[in-house]
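Worksheet: the structure to be examined is printed underneath.
Since every read-out is calculated from the coordinates, none of them should be taken as a lab result. From a predicted model like this one, the values you see are computed outputs, not experimental measurements. Ideal geometry is used to build each Cβ from the backbone, glycine not excepted, and the neighbour counts take in all protein chains shown.
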Amino acid sequence: MSSGSVGAVTSRVRSSLSRRAFLVAGGLTTATLATGCATVDDLLNDDEPSQSPEPESSDDRLVADALADQERLLASCLAVRARHESLRGSLAPLVEHHREHVRVLGGEPSSRRSRSGVASSPRKSLVVLGRMERAAAKRRAHDAQRAESGELARVLAAISASLLQHEYVLNSSIGGGS
């Protein structure tokens, strides 16, 4: 792939994500604000103090799994950006979405990069990221169905939708569609 082709790919990703970034960020913010909570942790905490530690709920496990997934996706995006300078700008909205997802799930976003290998070409890296986004979206959709809390189900569904948008944009930018 020529450097002109990579530029066209990154330009398409950047322009497509800028519209989607607004919608996804707004959706996640609205879902969080609509519940009146700062984070998913707030959704899972009772107002009454507990005398004995309660066993981990299934919602707690869903949040922990989603948080770990988002941290992996963030680390992978950061690794691709570090390896392929031409993708830095176009992947910036995805990185910000993943950071926001981590925050919404009660975590603290890090700048840690994935230790797994990054594909040698920008195109292959975008394909791999697209597949990772799709797999994570399926897991979040499944988790949303299993959530006991309606608020958590909505947050997980919003994250799933965001991940599917990422996958679509990444695949469309390399000519693969979805």
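Normalised by the number of residues in segment 77-133, the average gap of Cα pairs under 8 Å and 6 or more apart makes the relative contact order 42 percent.
For ASP69, what is the net charge nearby, where nearby means another residue's Cβ is under 13 Å from its Cβ and Lys, Arg count +1, Asp, Glu -1?
Working: positive: ARG61, ARG72, ARG134, LYS138, ARG139, ARG140; negative: ASP65, GLU71, GLU133, ASP143.
Charge balance near ASP69 sits at +2.
Of the peptides 135-145, 110-120, the ranking by mean beta-carbon count within 10 Å, highest at the top, reads 135-145, 110-120. The mean sequence distance of close C-alpha pairs (under 8 Å, at least 6 residues apart), as a share of the length of segment 89-178, puts its relative contact order at 26 percent.
Pairs of C-alpha atoms in segment 98-139 farther apart than 17 Å represent 50 percent of all such pairs. In angstrom, the C-alpha Rg and Dmax of segment 57-178 are 14.1, 43.
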